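Undergrad: Next up is a structure, given as structure tokens.
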Amino acid sequence: MKAAVYRTYGSPDVIRITEVARPEVADNQVLVEVRATTVTTADWRMRASAFPGILWLPGRLMVGLFAPGKPVLGAEFSGRVAVVGSKVTRFQVGDEVFGFAGDGAHAEYLAVGEDAAIALKPAGLSHDEAAAVPFGGLAALVFLRDFARVTPGRKVLVAGASGGVGVFAVQLARHLGAEVTAVTSTRNLDLVRSLGADHVVDYTREDYTGAGPVHDVIIDTAGTTSFGQAKKALAPRGVYVPLEFGLTEIFRSLTTAMTGGRKVVIGINGDRREDLEYLAGLLERGDLRPVIDSRFPLDRIADAHRRVEGRHKTGSVVVTVEPPEALRLVA
Ligand SMILES: NC(=O)c1ccc[n+]([C@@H]2O[C@H](COP(=O)([O-])OP(=O)(O)OC[C@H]3O[C@@H](n4cnc5c(N)ncnc54)[C@H](OP(=O)(O)O)[C@@H]3O)[C@@H](O)[C@H]2O)c1
């Protein structure tokens, strides 16, 4: 099968479209024919070894100290089940599915455990749209609901509101009943309003701290602010939740946990099947929608990486995968 392979860390040019063996399917796995995937900020970080601050060493230990341990990136996917393992009960051949695999989705086929974060693709969504959900949707859900504990009536400010996680953070904060302020640039103001933001701040013209210390939660999805700045806009018991964090935020999360005032809360998002199914339900009912920045065919995945690395994408950068030759002839 064709896959986007990287054997060394570096610029997008280290990625090569290569023929590799199709993954073996274990008893409890399904083989998915990938129709769409994305390049996420996590894929860029792993390819470039761009782990922030003191997270560089843990990042390299996780991904491969001297060279990438898993040469095919790709966290999220949408496609069709081609093979089911002998113990699989949740899926059948032909099911259209989407999900979060962590890696391996930048390829024509992907093997996924049936108990992993994989669910039936909502009928109204294309594969491109479905593939654009799991990474940002799961992160936004877990950080807002579990770490920030957003409840109805809370005032939530989303910094980086037009990014891969931000577009879901705006919608899910609103869905959780919060009053949402979205921070983005001029060109994305209408978009974030359409996603449900009650208030918008154009960061190119004004500072989000202008309204004073009124927010219960400030979630920074794209490393655009700091606790020092956030404190000016947080209510006295408010929480600052940075998805990108380094030593300073780790230290502040420990020290602020011991006091009664404003806190820094950090965490790592999960990839639970139940959460993906929850998102699938919202998508099915039209209560959540993906935002696609751009599309690239698998052969041009290096260009997709370049777009992501610029940190000005709006939503997700989708990579489309043509069905393998044999399947095209049958179709
Ligand atoms: N801790 C965890 O478990 C976890 C989980 C998931 C993700 N993450 C991390 O969280 C980050 C998520 O990134 P992402 O994919 O959502 O980011 P992204 O898509 O790269 O963010 C780009 C967006 O940020 C906006 N932006 C840039 N500067 C801004 C500013 N000063 N104020 C407000 N918005 C600004 C841009 O808007 P304009 O183009 O309009 O400027 C653009 O739409 C990644 O670093 C990822 O590694 C962490």
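All of the numbers you see were taken from the coordinates with simple rules; none came from a lab. On a predicted model such as this, the values are computed, not experimentally measured, just so you know. Using ideal geometry, Cβ is built from the backbone for each residue, glycine included, and neighbour counts are taken over all protein chains shown.
Undergrad: Based on other C-beta atoms within 10 Å, arrange D293, D207 from fewest to most. Intermediate values should be presented prior to the final figure.
TA: Details: D293 20, D207 13.
The most exposed by this proxy come first: D207, D293.
Undergrad: Rounded to the nearest 500 deg cm²/dmol, what is the calculated helix-only ellipticity per residue at 222 nm for the chain, with -39500 (n - 2.57) per DSSP H run of length n ≥ 4? Don't skip to the end; give the middle numbers.
TA: Working: 11 runs with 87 residues, N = 331.
Estimated from H runs of four or more residues: -7000 deg cm²/dmol.
Undergrad: Could you compute the net charge surrounding A230? Neighbours are other residues with a C-beta less than 11 Å from the C-beta of A230; K and R count +1, D and E count -1.
TA: Numbers: positive: K231, K232, R252, R262, K263; negative: D220, E249.
Here the charged neighbours net out to +3.
Undergrad: Could you tell me the relative contact order of region 7-117? Use alpha-carbon pairs under 8 Å, at least six residues apart, and round to a whole percent. Mind dumping the intermediate values first?
TA: On the way: 209 pairs, mean separation 41.1, N = 111.
RCO, region 7-117: 37 percent.
Undergrad: A further question on this structure: Net charge within 11 Å of A67 by Cβ-Cβ distance, Lys/Arg positive one each and Asp/Glu negative one each, not counting A67 itself? Display every interim value, and only then the final one.
TA: On the way: positive: R7, R60, K70; negative: none.
Cβ neighbours under 11 Å give a net charge of +3.
Undergrad: Now for a separate question. Neighbouring Cβ atoms within 10 Å as the yardstick, rank D198, D190, D275, D43 fewest first.
TA: Result, fewest neighbours first: D190, D198, D275, D43.
Undergrad: What are the trypsin sites (Lys or Arg not before Pro) within region 252-311 that DSSP puts in a loop, where the Cβ has at most 13 other Cβ atoms within 10 Å?
TA: Those that pass, being in a loop and sparsely packed, are R285, R311.
Undergrad: Here's a follow-up. Å³ per residue of the Cα convex hull, for the chain?
TA: Given the Cα convex hull of the chain, per-residue volume reads 134 Å³.
Undergrad: When only DSSP loop residues count, what trypsin sites (Lys or Arg not before Pro) in region 1-73 have their Cβ near at most 16 other Cβ atoms within 10 Å?
TA: Numbers: sites: K2, R7, R16, R35, R45, R47, R60; in loops: R7.
Those satisfying the criteria are R7.
Undergrad: Extent of region 1-96 along each principal axis, from alpha carbon coordinates, in Å, largest to smallest?
TA: Rounded to whole Å, the extents work out to 44, 25, 20 Å.
Undergrad: Also, quick follow-up: From Cα pairs below 8 angstrom and at least 6 apart in sequence, can you work out the relative contact order of the chain, rounded to a whole percent?
TA: Details: 786 pairs, mean separation 64.4, N = 331.
Once normalised by length, the contact order is 19 percent.
Undergrad: What longest region of the chain stays clear of GluC sites (Glu not before Pro) that DSSP places outside H, G, I, E and B and that have at most 11 other Cβ atoms within 10 Å?
TA: Working: sites that count: E24, E206.
My reading of the result: 25-205 is the longest stretch.
Undergrad: Next question. Rounded to the nearest 5, what % of the DSSP beta bridges within the chain are antiparallel ones? Please list the in-between numbers first.
TA: Working: 32 of 57 bridges.
Among the beta bridges of the chain, antiparallel pairing accounts for roughly 55 percent.
Undergrad: Here's something else I'd like to know. Which whole-number percentage describes the relative contact order of region 220-317, with Cα contacts under 8 Å and a sequence gap of 6 or more? Display every interim value, and only then the final one.
TA: Working: 91 pairs, mean separation 19.1, N = 98.
Over region 220-317, the number comes to 19 percent.
Undergrad: Out of region 194-251, which trypsin sites (Lys or Arg not before Pro) are coil in DSSP terms and have no more than 11 other C-beta atoms within 10 Å? Numbers along the way, then the final one.
TA: On the way: sites: R205, K231, K232, R237; in loops: R205, K231, K232.
For trypsin sites (Lys or Arg not before Pro) across region 194-251 that sit outside H, G, I, E and B with at most 11 neighbouring Cβ atoms in 10 Å, the list reads R205.
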